[in-house]
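FYI, it's all coordinate maths here, none of it is from the lab. None of the values given here were measured: they were computed from a predicted structure. Here the Cβ positions follow ideal geometry from the backbone for every residue, glycine too, while neighbour counts run over all protein chains shown.
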Amino acid sequence: MTTMTNWLAHIGGRNGGVMRRGVLQLAAGILAAGIAAGSASAQTPANLPDYLANLSGNTASSPSDVATRDLLQLDIGMFTLYDRASNIYRRNILAKHPIILAMFSNQGGNLMLFRPGQAPITAPSVPKVYQILKSTGHSTMAISQVVIPSVNNPADKRWIAPMAAYRTQMKTALDGLDASNDIQADWKPAVKEILATNLAYMDDCLAKGVVTLEPLLAFAKKQAPNTKLIINWAASTQVKHWMGVMDGWSAMLGPDMAKTYAASNTIYVARQNNVLFSVLAQYFGPEAINDRLMLIETMGFTTTPEDMLVSMTRIIGDRSVGELFFGNYKVMDFELMGGDGRKTIIAEMQRRGKQPVLPPAVPFGSKQWPALVTPGPGPTSLDDLK
């Protein structure tokens, strides 16, 4: 563990004095505003026309309301202070540490390398065949989304227009497949069969004017083997590409790799077996997980480098705050109220005569994967599904 001086220098830098003066000035402004607001009396200015009089004047507040508002204002003001400090922290972190951002994209990911004092490097994209394979697999899933709401409901015709439009796109893609130079010849037959089967199923549904369960089940069963095949090809293309990029970057960084931070973003369904995070882990090692290597959950598939840097800076900066106040560098990586909330849940469940449903307590700074790690029965991959 670094000393307090070192880890404050890690984020504070030469701007620490400026930051402290800014904090004091802002706090004084907040206090003065609170006093002025609290001392206002309830009165309406005289000699105003009706259309202004009903909107003007001060509304009386009780001393309790004013006091509560001023207390809550402290939390609102906190974000201004955090934002200001975050900008300083980021400059200082980027001046001392390389950072790798691995962001999800429809093109198989976007990796960026930030090095102190140098322009960011954006890695080359995954070969376009990845996108072709992904688009092909998604096309079959998209058909199911069109028809499932209308299965065995002859009166429901809402599916016809979107399927007819998508059928046109499907036919165009199938007709042009052989002309594409971005997919190797030995992979084209599987892609062609998937698209042709899609087209045949859509034509059958449109000809009948209804969607029924048995043809849908037969369609899904027929598509599954080739779909699993192209998923395998897409995944291997993506992994091999990014491992090649990381081979080059880790060699470029040399000993600085040991002080490099990295993060990947994920939504809920992509936490498990997250490809980009898993690739990064091979170069950072197990001791860096949840330390210099982070998996940041987001609400959308994609995010921006700016949002990723803001999140990383907040995490790293809060760690120093945790050490400062609680003597633990990783305590702020966890919900601070979680421990006491856990104790209360246990007590309340016992009071109700029930057993609490909680995971084992995990120490601050745990290096376990930020995903499900408990083994058990059941399939764990497409290969396990029969």
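Applying the Karplus relation 6.51 cos²θ - 1.76 cosθ + 1.60 with θ = phi - 60° to region 306-317 yields 3J(HN,Hα) values of 4, 5, 5, 5, 4, 5, 4, 4, 4, 4, 5, x Hz, where x marks Gly and Pro.
Full extension of the segment from L372 to T197, taken as 0.36 nm per residue of separation minus the current Cα-Cα distance, would add 59.4 nm. Labels on offer are (1) 1.00; (2) 0.91; (3) 1.36, and the one holding Cα Rg over 2.2 N^0.38 Å computed from this structure is (3). Using only Cα atoms, find the angle between the long axis of helix 338-351 and the longest principal axis of the chain, and express it within 0 to 90 degrees, rounded to the nearest 10. Computed tilt is about 80 degrees. Each Lys and Arg adds +1 at its Cβ and each Asp and Glu adds -1 at its Cβ; summed about the Cα centre, region 129-234 shows a dipole of about 220 debye.
Rounded to the nearest 0.05, what FRET efficiency do R342 and D178 give with R0 = 41 Å and r taken as the Cβ-Cβ distance? Could you check? Display every interim value, and only then the final one.
Details: r = 60 Å, r/R0 = 1.47.
The calculated FRET efficiency here is 0.10.
Diffusion coefficient of region 182-328 by Stokes-Einstein, Kirkwood radius over Cα pairs, 25 °C, 0.890 mPa s: 127 µm²/s. Once the chain from I121 to K259 is taken as fully extended at 0.36 nm per residue, the excess over their C-alpha distance is 47.9 nm.
The amide H of I296, built 1.01 Å from its N in the peptide plane, has S264, N265, T266 as neighbours under 5 Å, considering only residues 5 or more places off or on other chains.
Beta bridges from DSSP with both residues in the chain: antiparallel share about 40 percent, rounded to the nearest 5.
When only alpha carbons are used to place a centre, region 61-81 and region 361-386 end up 44 Å from one another. Among 164-171, 102-109, the peptide with the highest mean count of other Cβ atoms within 10 Å heads the list, and the full ranking is 102-109, 164-171.
Our note on the geometry: Cα centres of region 123-201 and region 264-340, 36 Å apart. With θ taken as phi - 60° and the Karplus curve 6.51 cos²θ - 1.76 cosθ + 1.60 applied, the whole-hertz 3J(HN,Hα) list for region 128-142 is 5, 4, 4, 5, 5, 5, 5, 5, 5, x, 5, 4, 5, 5, 5 Hz, x standing for glycine and proline.
Between 0 and 90 degrees, the angle of helix 63-96 with respect to the longest Cα principal axis of the chain falls at about 60 degrees.
A simple rule links phi to the HN-Hα coupling: the Karplus curve 6.51 cos²θ - 1.76 cosθ + 1.60 with θ = phi - 60°, which for region 214-223 gives 4, x, 5, 5, 5, 4, 5, 5, 5, 7 Hz, with x for Gly and Pro.
Rg/Rh for region 129-234 (Cα atoms only, Rh after Kirkwood) is 0.99. Relative to the dominant Cα principal axis of the chain, helix 16-39 is inclined by about 70°.
Taking amide H as placed 1.01 Å from N in the peptide plane, S61 has no amide H partner under 5 Å among residues 5 or more places away or on another chain.
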